[in-house]
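Single-structure report; data block below.
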Amino acid sequence: MSRETINCVVMFADVAGSTAMYENMGDDLARERISRALNALISISRRHSGKLVKTIGDEILVYFTDIDMAVYAAKAIQEAMEDDRSPETIGVSIRIGMQYGSAILESDDIFGDTVNVAARIASMAKARQILCTQEIAFLVKNADLSNNMRPYDRLRVKGRNEQLDVYLFTWEQESDITNMATASSFTNPARYDQAKKLTLKYEGKPHEITDEVLSYILGRGKDCELIVNGDLISRYHSKIEHRRGKFIITDQSTNGTFVRTSEGQDIFLRREEFTLFGSGYISLGKKVDLNDENVIHFICK
């Protein structure tokens, strides 16, 4: 068995919210959709000189010997997932984590601290995010890539005294507006015009969110934009943002956020995001119950 030590970028690309896809689409459709998406990820990685190590459930493990090409590959993956014309990408969001360093290649697999750190970083990422370590952010050569690196968080790794600095690569162009799904997908906002206003009806009162609002927090914290009290509700439970013509709700709670669409689909979010479209209901911390006084009715226009 050959054994080789190399310096490389290790990348994990994971399908975000795959559990919710299985629950809402059914096993067969979700498995097919995820499989097609992973094949697209593998193809993109290979076009950028990436080497596929293996597929692990709903994610791929790839390594690159060129740092810039690794970041370009991650960017191309996220851009491809935004392309609603491709059946491989419909309704699928990807989160990516990367680390650069020494790794051991042996028996068609890859091992070492670099791999472990990359996996940890990928687990930190949210849907549609690209996270990497400071090493990658500082070592990229292309100015456009370097200019899109932003400090994001710090990661404590077992066996190390100092925390690792984690960076976010901002791959999106603010002017871009794309739809993420076709008319057959339950997550599809494409059937509706670009949303300009979101109205939340809570306790009989309307609360309007316009496309100019950057962040709108729901929770029991006194400084939240919409204060919702309840035993299962976190202080800062969920966040609503307007991005590229869509209102996106992101769960940041302990017990999760539940959404019921106007078509009757129930969506469960835990540290995940979802595009609000049409109308429906939001419940913080527990399943949607229309008799619950804390259920929030939403309408996108």
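No lab work stands behind these numbers, since they all come straight from the coordinates. Here the structure is a predicted model, which is why all the values come from computation and not from measurement. Please note: Cβ atoms are built from the backbone with ideal geometry, for glycine as well, and neighbour counts cover all protein chains shown.
Quick look at the values:
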{"item": "Distant-in-sequence amide H partners of Ile94 (H built 1.01 Å from N, under 5 Å)", "result": "Ala16, Arg128"}
{"item": "FRET efficiency for Lys205 and Met124, using Cβ-Cβ distance with R0 set to 41 Å, rounded to 0.05", "result": "0.65"}
{"item": "Region 102-120-region 255-301 distance, computed between alpha-carbon centres (Å)", "result": "40 Å"}
{"item": "Between helix 113-124 and the chain: long-axis angle, C-alpha atoms, 0 to 90°, nearest 10", "result": "10 degrees"}
{"item": "Mean Cβ neighbour count within 10 Å, used as a protection proxy, ranking 35-46, 123-134 highest first", "result": "123-134, 35-46"}
{"item": "Hits among aspartates and glutamates - C-alpha to C-alpha of Lys239 under 12 Å, sequence gap 8 or more where chains match", "result": "Glu225, Asp251, Glu272, Glu273"}
{"item": "Order of Asp66, Asp28 under a 10 Å beta carbon neighbour criterion, fewest first", "result": "Asp28, Asp66"}
{"item": "In Å, descending, principal axis extents of the Cα set of the chain", "result": "67, 43, 35"}
{"item": "Cα-based helix-to-principal-axis angle, 67-81 vs the chain, degrees rounded to 10", "result": "30 degrees"}
{"item": "Three-way shape call for region 229-284 based on the alpha-carbon gyration tensor, with the a/c threshold at 1.5", "result": "oblate"}
{"item": "Size of electric dipole in region 215-301: Cβ of Lys, Arg +1 and of Asp, Glu -1, about Cα centre, debye, nearest 20", "result": "280 debye"}
{"item": "Footprinting exposure proxy for Thr199, Thr250 (fewest neighbouring C-beta atoms within 10 Å first)", "result": "Thr199, Thr250"}
{"item": "Cα long-axis angle, helix 27-47 against the chain (0 to 90 degrees, to the nearest 10)", "result": "40 degrees"}
{"item": "Largest-first principal axis extents of the Cα set of region 197-300 (Å)", "result": "33, 32, 28"}
{"item": "Using θ = phi - 60° and Karplus 6.51 cos²θ - 1.76 cosθ + 1.60, couplings along region 289-296 (whole Hz; Gly, Pro as x)", "result": "10, 5, 8, 7, 5, 8, 5, 10"}
{"item": "Value of relative contact order over region 224-301, rounded to a whole percent, pairs C-alpha under 8 Å and six or more apart", "result": "27 percent"}
{"item": "MRE, 222 nm, helices only [DSSP H, n ≥ 4, -39500 (n - 2.57), over the chain, to nearest 500]", "result": "-7000 deg cm²/dmol"}
{"item": "For region 262-272, Karplus couplings with θ = phi - 60° (6.51, -1.76, 1.60), whole Hz, Gly/Pro x", "result": "5, 8, x, 6, 9, 10, 10, 10, 9, 6, 10"}
{"item": "Taking the chain and dividing mean pair separation by its residue count, relative contact order in percent (alpha carbons under 8 Å, at least six apart)", "result": "14 percent"}
{"item": "Sorted by Cβ neighbour density within 10 Å, fewest at the top, the residues His237, His48", "result": "His48, His237"}
